[in-house]
Amino acid sequence: MKKILIWAVATILSSCSTDTPRYVIEGEASGGTYYLFVDRQVVDSAVVENGKFRFEGEIPASPVCNVANAADLANASHRALVILESGIISIKESTEATDGLQVSGTPANDANATYSAAAKALREEFRNPETSEERRKAIAETEYDQLTRTTYETNRTNYFGAIMLSRMSYELSGQEILDEIAKFSPEMQQLEIFAKLKANAEKKIRTEVGNPYINFSQPDKDGNEISLQSVIENPANKYVLVDFWASWCGPCMAEVPALKAAYDAYKAKGFEIFGVSLDKDREKWLNTIENKKLNWLHVSDLKAWENAAAADYAVRSIPSNFLVECATGKIVATQLRGDDVSAKIAELLAQ
């Protein structure tokens, strides 16, 4: 089942008014104090009086918002993601809501709630042991994607559509992202999220098949700086797979047997792997290399998702890889999975 968009993410929609856009949150709760979080930091609080609480203010530039009944978000018994947009946003305690709160009242929040409920129903049906394999296949291969696509298509006038495009961008080419952004109104295209999507799309375009590789240098296991250029210009190498991974990444670990098989089969014929780890814990990174016997080249700046090379290659999910032809310095394949790695190397070497 596609994993993108399983968990809906909420954010802000600016109004087109000349006045500074404002939001209003009207809550209903049994008691206590509710807190408003931006970037996981408390920015406001409201005591529940006569079963009600209220937040209001200018819509911030950093739009991701959480509302919870504890100052420590992780320990809150009731919490919700909220899309701060113009209008009155309603929050109510509910035993039916996943985290105890239902959010509604404005276009983006209503769309988020509707999509989340429908996606949750499909996930629960998929996981139900009584669901047939045929039905599971339909959900995984057709219905979940169709739900996502239909919801996206009908929400281009509000910020939930922008959020969905952001999540869908993981599987779109750079040009496809730019084409989708162009379908939003000129006013919406001025929002910060689209600036970030455009920047990511332009990076994606620079790392698509046919383009030259982007050089970078990072420390290896011994702390020595190793450049990708030095590996590609090594006369012993004909093809280099730049592989972004991490020790904590389950799908990355699932790719290990296929990578080892390809490396063992084609190392002597000019195939090299340049592993770039998005780890933060040096010990876990090195232990995984040793325990899994990953006998190729490894580098990392140990900055996790802030890895500079990952940013250069527009990597937003892992595993992610780029196959470079050393003779031309051009990217000849991307996102190879499983046996496709060996198959592609065999094909290229046979030419």
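The values are calculated or read from the model by the stated rules, or taken from the named source; none is laboratory data. Small disclaimer: the values here were computed from a predicted structure and weren't measured. Positions of Cβ are backbone-derived with ideal geometry, glycine not excepted, and every protein chain shown enters the neighbour counts. Heads up: the accessible areas ignore ligands, DNA and RNA and are worked out on the full protein's heavy atoms, side chains in. Shrake-Rupley method; radii C 1.70, N 1.55, O 1.52, S 1.80 Å.
Here are the numbers for this structure:
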read-out	value
Hits in the range 69-125 (condition: over 14 Å from residue 23 (Cβ atoms), touching a residue at least 40 places away in the same chain (Cβ under 8 Å), charged (D, E, K, R) and touching a strand residue (DSSP E or B) at 6+ places or on another chain (Cβ under 8 Å))	92, 93
The range 177-192, residues that are open to solvent by 50 Å² or more (accessible area, probe 1.4 Å), in a helix (DSSP H, G or I) and either in contact with a Gly (Cβ under 7 Å, 6 or more places away or on another chain) or at pLDDT below 95 (or both)	190, 192
The range 44-57 residues that are on the phi > 0 side of the Ramachandran plot and open to solvent by less than 30 Å² (accessible area, probe 1.4 Å), paired with ones that are part of a strand (DSSP E or B) and modelled with pLDDT under 95 (beta carbon under 6 Å, 6 or more apart)	none
Only one of 341, 315 that is open to solvent by less than 20 Å² (accessible area, probe 1.4 Å) and in a loop (DSSP other than H, G, I, E, B)	315
Residue among 162, 140, 182 that alone is closer than 26 Å to residue 321 by Cα, out of contact with any Asp or Glu (no Cβ under 7 Å at 6 or more places or on another chain) and of a type in the set (Gly, Ala, Ser)	140
Subset of the range 30-55 [among the charged types (D, E, K, R) and within 30 Å of the chain's Cα centre (by Cα)]	39, 40, 44
Scan of the range 86-103 for residues that are within 19 Å of residue 63 (Cα to Cα) and of a type in the set (Gly, Ala, Ser), ordered by number	86, 87, 90
Filter pass, residue 121 being of a type in the set (A, V, I, L, M) and exposed (fewer than 14 other Cβ atoms within 10 Å of the Cβ)	yes
Pick from the range 266-311, criterion acidic (Asp, Glu) and in contact with a helix residue (DSSP H, G or I) (Cβ under 8 Å, 6 or more places away or on another chain), ranking: most open to solvent (accessible area, probe 1.4 Å)	301
Tally, over the range 165-190, of residues that are basic (Lys, Arg) and within 15 Å of the chain's Cα centre (by Cα)	1
Unique residue being of a type in the set (A, V, I, L, M), out of contact with any Pro (no Cβ under 9 Å at 6 or more places or on another chain), over 15 Å from residue 221 (Cα atoms) and free of Cβ contacts under 8 Å to residues at least 12 places away in the same chain when the list is 333, 350	350
Qualifying residue in the range 37-51 (condition: basic (Lys, Arg) and at pLDDT 90 or above)	no
Members of the range 232-243 found to be surrounded by fewer than 17 Cβ atoms within 10 Å (Cβ to Cβ) and among the aliphatic types (A, V, I, L, M), listed by number	236
Answer residue from the range 205-231, given it is hydroxyl-bearing (Ser, Thr, Tyr) and in contact with a helix residue (DSSP H, G or I) (Cβ under 9 Å, 6 or more places away or on another chain) and is surrounded by the fewest Cβ atoms within 10 Å (Cβ to Cβ) among those	217
Some residue of the range 159-167 being surrounded by 12 or more Cβ atoms within 10 Å (Cβ to Cβ) and not in a helix (DSSP H, G or I)	no
